[in-house]
Structure formats: structure tokens, C-alpha cells
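Read the structure below first, then the notes.
The values are calculated or read from the model by the stated rules, or taken from the named source; none is laboratory data. Just so you know, these numbers come straight off a predicted model, no measurement behind them. Please note: Cβ atoms are built from the backbone with ideal geometry, for glycine as well, and neighbour counts cover all protein chains shown.
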């Protein structure tokens with residue numbers, strides 16, 4: 001099977017594995033980009049093609065389809081932030097984020113949804129961000145869709161997704177078929193472990209190879225530590241290599257100078273980098289208002305095998321409850337892939353109860369409800385702080401308002417799963433049980449104590465923390481992702497989102513970054 | 001206060017002090033004693049957590065327990081350093097408390113502590129009013145279940161097989 005990464009390296013791509021460096025290094029380029037995910041990867045291609053010399057930095061390693069092992073025990077430590085063990089400060093929410101070349105796009109489940117109109121309306125009202133008329137993101141969504149082969153999934157949903165669809169049909173709830181960024185997908189269900197056949201059109205196999213073919217440099221296994229800045233300009237980026245466990249190590253210093261600096265390390269790491277750099281923060285919003293789409297999980301047992309590990313992980317979603325007429329917290333309904341570790345760590349109970357559920361692994365249908373945070377006063381997200389090692393911790397308080405939404409989400413998922421034909425349903429909650437009918441589940445879930453550690457919460461979408469706003473008093477960057485105070489610094493990742501989205505974020509990031517990279521290239525050309 | 005409540009309370013107080021104020025035992029304990037403590041804690045809880053999942057054959061079950069302990073130990077360095085330090089602190093304290101529990105129950109060693117009692121200890125943490133004990137329960141459970149179900153030889157009961165494009169190991 002062709003491996004575009006190994007082929008590119010053989011052609012002479014400029015790749016430096018920082019973990020192998022043993023003395024200080026200095027580099028220079030027109031533009032340095034920290035992070036190679038949806039934001040950094042796309043920006044690298046656009047800016048290289050615009051004629052700029054680009055250096056990309058990535059904390060993770062350069063892994064390709066020849067390296068990916070189709071087992072969670074390899075994928076989580078090597079492709080995910082903190083070995084997939086990242087959590088909020090009080091450990092109340094588990095967070096999945098990619099950490100490898102291509103970032104989360106290398107391991108995400110390919111769901112591609114344009115920014116909901118309600119979200120854009122809210123941004124205009126609250127943050128002065130008018131993405132309409134000549135500022136519309138639609139042309140950029142079209143460009144990204146063309147570049148990454150984003151289109152509606154035409155194959156039959158796997159049975160895990162089909163249960164979501166059937167339940168919606170039975171109850172008359174809204175549902176949509178998901179658009180996916182794939183080309184030649186064999187419906188394997190391995191997206192979260194790195195696509196072994198390069199069908200997923202992640203940054204790893206699309207924009208990053210183009211940038212490297214265009215002369216860009218990639219430095220992997222490197223941790224960006226801080227920007228040195230003076231007055232209104234960044235003067236240098238300081239970084240260090242990481243060790244075999246991806247921990248920053250001392251002894252070798254890397255300094256990179258550039259005309260322009262782009263932070264694109266994701267919505268936890270970018271605010272952390274800016275906090276370590278002590279950049280100006282007159283709005284006080286740096287690291288604040290970090291959103292997660294905190295997600296509830298509901299398991300269901302079906303008489304027939306569901307095999308939720310096989311087939312496209314996400315191909316159907318329901319927006320029935322995303323934008324409720326009440327002030328309650330909205331939530332989006334989707335399903336996750338069902339692999340052994342992901343399931344075993346989330347399933348309720350221990351000993352025989354847990355083992356009994358795991359033995360019915362193939363008959364488990366699993367649903368998730370993503371709470372839409374960042375809109376109501378009572379759901380203002382979390383705060384990125386630095387620990388004593390300078391590493392980020394996300395303090396995300398769990399409010400009564402959020403738990404009220406969580407209960408509604410568990411109820412909706414149970415109703416849907418029974419409507420789809422489940423024999424029994426169990427909310428993933430320390431006090432949850434297997435319930436054999438919707439009335440029984442409804443009564444039990446209505447009485448569950450909704451509290452931290454008892455209610456299992458997870459997230460795969462981190463947003464905010466360096467939010468954009470037209471007015472410098474309300475945000476860290478402007479509508480073009482340019483830092484309000486430091487003129488040669490941009491932020492091109494999910495941290496610029498002023499709220500969560502009510503949709504999976506990758507396509508929103510592609511649209512924004514395509515627009516902002518193009519504007520940045522024009523500005524840099526005009527200022528040479 | 002019964003014996004379990006006493007253990008829970010003293011353990012909670014120990015954890016509170018350790019995570020909130022000082023990392024003294026971690027800073028003074030050698031790398032090897034930290035690993036020994038972790039292994040002892042894993043050895044104590046794995047047979048309880050995995051009851052019903054382990055094969056009936058004793059020798060095979062022992063092999064799976066050792067493989068799981070090894071996988072859990074190998075995973076720890078991928079966690080953030082702060083989290084590693086907190087876990088190391090937890091393991092050192094648990095090692096002491098488990099030993100005390102075994103001795104106060106007139107068992108000659110931790111290995112003789114009945115599995116049901118180990119499960120009761122875990123349930124006690126899960127249902128504790130102390131956040132730190134609840135965290136300890138959630139963290140240990142996740143780490144150990146992840147380490148067990150990450151391994152193909154343990155998938156037989158699941159009837160699950162991973163498609164293999166590139167060989168592991």
C-alpha cells in the first residue's frame with residue numbers, strides 16, 4: 001500500500017525529529033506554525049503555496065499508515081494527548097485530543113458539519129463577528145469540502161448509527177446523514193486509531209504533504225514553550241524536544257525566528273503557550289471560556305449484534321434537541337465507535353457486573369449526547385491554568401444547569417434507544433442499571449443523582465480560550481485570528497471559537513483558517 | 001466508626017494532605033519504590049476488578065494479571081508529570097493502607113486479603129463523600145480496565161478481533 005509520508009521523506013522532505021537533537025538549534029522562516037492539526041495543517045499548505053517559507057512544529061511524532069497499529073494500546077499513547085488520559089482538573093471530564101502530525105484530524109471520526117446558523121447569529125450579536133455577505137464562510141467551506149473530499153456518506157450506516165436513525169424515524173425526530181472527509185474509505189471503523197489506508201483526508205495525508213513538497217519544514221516531537229515578545233511584536237519562539245513519552249525535556253533549546261507566528265496547538269495547548277508567554281491580555285479572556293461539548297453516554301443491549309467497532313464510526317446525527325425553545329441546555333445526538341478499551345473504561349460497574357456487560361460487547365449500541373456549552377450564563381465553560389511544570393490544566397466547573405441538561409440528554413437517549421428496538425438501556429452513571437423498558441428507565445433516570453464522578457462525562461471537542469471578537473475588550477484575537485495586541489501573531493485553531501458550536505468543529509476550523517490564512521498571505525505580501 | 005470507615009477516613013485525610021499540600025513521599029521515595037508501590041496496588045485490585053473477566057484456569061489468569069499490571073505500569077509515563085506525581089503519591093499511600101488493612105484483619109499478607117474485601121474497599125471509595133477517594137476509584141478503574149482490555153489475548157470473551165494492517169510489537 002502506498003504511504004505518502006514515507007514516499008515524501010524519500011523524496012527529501014525537510015523533517016527534523018527534535019527528539020534526536022543533542023545540541024541547541026536556531027531556525028528562521030517567514031512563518032512558523034505551532035501545531036499541525038485542522039488549523040496548522042491547512043495554514044501550512046495555503047501559506048507555502050502563497051510563496052512563504054514555513055516551519056511547522058508538532059508535539060507528537062510523524063506517524064503514517066505504515067506505523068499505525070490497529071490496537072488502542074498503541075494508538076492512545078502514541079496518537080493522543082496524554083495517552084488519551086487528558087482530563088479536566090478535577091478529573092470530572094475525560095478529553096480526547098490528537099497529538100501526532102495531523103493533530104486531531106489524524107484520529108477524528110471524520111464528521112464534517114458547517115457552522116450552524118444559530119451559532120453564527122450568536123457570535124454576531126455577542127462578539128460583533130459578522131460572517132455574512134462578503135465575510136461569509138460558505139465559500140471557504142466549499143473550498144475545504146473540495147480539497148478534503150467532504151461529501152455525504154453514501155454507504156449504509158453501520159448498525160450503531162442505524163439505531164440512531166431508526167429511533168429518530170420511529171419518534172419523528174430530526175436526523176441527518178453525516179458528511180465525511182474520506183476518499184476511498186473501506187468502511188473499516190478504524191478512524192480513531194489512524195486510517196491504515198490513507199482514505200481519511202486528514203491534514204497528515206493532504207495539506208501537510210503539499211506544504212512539505214512546497215519546501216516547508218516539519219519539526220516533530222517538539223514542545224513549544226514560549227514566545228519572546230517586545231512592544232507589539234513577537235521576536236522568537238522557544239521550544240524544547242520531548243522524550244519517548246512526549247514529555248518536554250531540558251538540555252536542548254530550539255529557537256525559531258519568523259516574520260509571523262501562528263499558534264495552532266488546539267484549544268488547551270494554545271492558551272497554555274500564550275499564558276506561558278505572558279502575552280498582553282487586556283480583555284482578561286485568555287484561557288477563559290474554554291468549551292468542551294461535555295458528552296453523556298448511554299449504552300443499550302440489542303438482541304442482534306450491533307458490532308459498533310466496524311464501519312464508519314459516525315454517519316448519522318440528530319439535532320432534535322440542539323436548539324430547544326426553552327432556556328435548557330441543548331444537545332446533539334451522535335454515536336461513537338465501540339472499541340474494547342474505550343468501552344471498558346466507560347462502562348458502569350466492576351467485577352462480574354462489568355465483565356457481564358463486556359461479554360455482550362458486540363450487542364452493545366452506544367449513543368452520545370454533546371451538550372452545547374458557552375451560550376447560557378450558567379454554562380460559561382472552563383479556564384486553562386498552568387501547573388507547576390507549566391503544563392495546562394483545564395478547570396471546568398460542573399454546574400447544576402449543566403447537570404439538568406445532562407439528565408435530559410440521558411432521558412432522550414434512552415427513549416431513542418428503546419424506540420430503535422433495544423432490549424435494555426443503561427445510562428453511563430455510577431448509579432445506573434440496565435433498564436428493561438422506557439417507563440422504567442424514565443423513572444430511574446429522573447431520580448439519578450446528577451453529580452461529578454457519578455455521571456460519566458467525556459469530550460472530543462475542545463473550543464475557546466483565545467476567542468475572537470471584533471472588539472479587543474471581548475476577545476484575544478480579531479475576526480481574522482490576528483492577536484489584538486501582538487501584530488505578528490495569529491491564532492488558527494479551535495481556541496478562537498467564542499462558544500461551542502453545537503456541531504463537530506473540524507469543518508468550522510477549516511473554513512475559518514482557509515479564510516484567515518488567505519487574508520494573512522495577502523497582508524504579508526502587502527507588507528514586504 | 002467501624003474498621004472500614006476508619007480506613008476510609010484516614011486514607012482520605014492522607015490523600016487530602018498529599019494532593020493539596022505536599023509531595024514529600026514522592027520526592028523522597030526512589031523510582032523503584034514508587035514502582036513497587038504501584039505494582040502492589042495493581043496486584044491488590046486487579047483480581048477484584050477483573051472478577052468474572054479472568055479465565056477460570058488459574059495459571060492463565062495469573063498470566064493475564066501480570067500482563068495487565070505490566071501494561072498499566074508502561075502506560076503511566078505518558079500521563080502529564082503532575083498527574084504521575086499524584087498517582088505515585090496515591091500508590092504509596094494505598095500500599096501502606098492496604099498493608100495495614102491486611103495486618104489488622106489478621107491476614108499474613110495482602111495476597112490473602114479476600115477479593116470481596118478488596119471490592120468493598122473500591123466500592124467505598126466510589127461512594128465516599130470525599131472527592132479524592134472518588135477520583136482514586138475512577139482513575140484506578142479506568143487505568144486497570146484499559147490495561148486489561150487493551151490486549152488481544154483478553155478479547156476471547158468479547159468475540160472481538162481487530163483488523164490488523166501493521167503488526168503490534
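Points worth noting:
- The condition (being within 30 Å of residue A:386 (Cβ to Cβ) and either assigned to a helix (DSSP H, G or I) or modelled with pLDDT of 80 or more (or both)) is satisfied by just one residue among B:14, B:52, B:124: B:14.
- No other residue among A:82, A:121 is more than 14 Å from every other protein chain (Cβ to nearest Cβ), part of a helix (DSSP H, G or I) and either surrounded by fewer than 24 Cβ atoms within 10 Å (Cβ to Cβ) or over 13 Å from the mean Cα position of the chain (by Cα) (or both) apart from A:121.
- Given (1) in contact with a helix residue (DSSP H, G or I) (Cβ under 9 Å, 6 or more places away or on another chain); (2) surrounded by fewer than 23 Cβ atoms within 10 Å (Cβ to Cβ), number of the condition residue A:333 does not satisfy: (2)
- Enumeration of residues in region B:127-147 that are in a helix (DSSP H, G or I), more than 7 Å from chain A (Cβ to nearest Cβ) and within 19 Å of residue A:353 (Cα to Cα): B:137, B:140, B:143, B:144, B:147
- Residues of region A:440-488 satisfying the condition of being in a strand (DSSP E or B) and touching a residue at least 60 places away in the same chain (Cβ under 8 Å): A:455, A:457, A:458, A:459, A:463, A:464, A:468, A:483
- Scanning region A:351-370 for residues that are over 17 Å from the mean Cα position of the chain (by Cα) and in a strand (DSSP E or B) yields A:364, A:365, A:366, A:367.
- Number of residues in region A:166-192 that are touching a residue at least 60 places away in the same chain (Cβ under 8 Å) and either touching a strand residue (DSSP E or B) at 6+ places or on another chain (Cβ under 7 Å) or assigned to a loop (DSSP other than H, G, I, E, B) (or both) equals 17.
- Put simply, of B:64, B:86, B:96 the only residue that is assigned to a helix (DSSP H, G or I) and within 29 Å of residue A:249 (Cβ to Cβ) is B:86.
- Condition check for residue A:52: crowded, with 21+ Cβ neighbours inside 10 Å, in a loop (DSSP other than H, G, I, E, B) and more than 22 Å from the chain's Cα centre (by Cα): yes
So that you can scan it fast, the table gives a plain yes or no per residue for (1) without any contact (Cβ under 8 Å) to a residue 40 or more places away in the chain; (2) closer than 28 Å to residue A:377 by Cα; (3) over 25 Å from the mean Cα position of the chain (by Cα):
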| site | (1), (2), (3) |
| --- | --- |
| A:209 | no, no, no |
| A:222 | no, no, no |
| A:257 | no, no, yes |
| A:274 | no, yes, no |
| A:302 | no, no, yes |
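- Candidates in region A:378-390 are the residues that are free of Cβ contacts under 8 Å to residues at least 60 places away in the same chain and away from every other protein chain (no Cβ under 13 Å); of these, the one that is nearest to residue A:502 (Cα to Cα) is A:379.
- Test: residue A:142 is in a helix (DSSP H, G or I) and either within 14 Å of chain B (Cβ to nearest Cβ) or at pLDDT 95 or above (or both): yes
- Given (1) closer than 26 Å to residue B:71 by Cβ; (2) touching a strand residue (DSSP E or B) at 6+ places or on another chain (Cβ under 6 Å), number of the condition residue A:374 does not satisfy: (1)
- Residue among A:414, A:419, A:430, A:406 that alone is in contact with a helix residue (DSSP H, G or I) (Cβ under 8 Å, 6 or more places away or on another chain), surrounded by 20 or more Cβ atoms within 10 Å (Cβ to Cβ) and at negative phi: A:414
- Odd one out for residue A:365 among (1) touching a strand residue (DSSP E or B) at 6+ places or on another chain (Cβ under 6 Å); (2) within 14 Å of another protein chain (Cβ to nearest Cβ); (3) farther than 29 Å from residue A:89 by Cα: (2)
- Region A:341-361 - residue that is in contact with a helix residue (DSSP H, G or I) (Cβ under 7 Å, 6 or more places away or on another chain) and under 15 Å from residue A:305 (Cβ atoms) and, of those, farthest from the other protein chains (Cβ to nearest Cβ): A:343
- Residues within region A:371-390 that are surrounded by 15 or more Cβ atoms within 10 Å (Cβ to Cβ) and assigned to a strand (DSSP E or B), tallied: 5
- Filter result for residue A:327 (assigned to a loop (DSSP other than H, G, I, E, B) and at pLDDT below 95): yes
- Flag for residue A:393 being within 14 Å of another protein chain (Cβ to nearest Cβ), crowded, with 18+ Cβ neighbours inside 10 Å and not in a loop (DSSP other than H, G, I, E, B): yes
- Subset of region A:516-526 [surrounded by fewer than 23 Cβ atoms within 10 Å (Cβ to Cβ) and either in contact (Cβ under 8 Å) with a residue 24 or more places away in the chain or not in a helix (DSSP H, G or I) (or both)]: A:518, A:519, A:521, A:524, A:525
- Count of region B:153-167 residues which are touching a residue at least 12 places away in the same chain (Cβ under 8 Å) and within 7 Å of another protein chain (Cβ to nearest Cβ): 1
- Scan of region A:234-267 for residues that are assigned to a loop (DSSP other than H, G, I, E, B) and within 24 Å of residue A:473 (Cβ to Cβ), ordered by number: A:267
- Residue A:102 more than 19 Å from residue A:374 (Cβ to Cβ), more than 12 Å from chain B (Cβ to nearest Cβ), within 20 Å of the chain's Cα centre (by Cα) and outside any helix (DSSP H, G or I): yes
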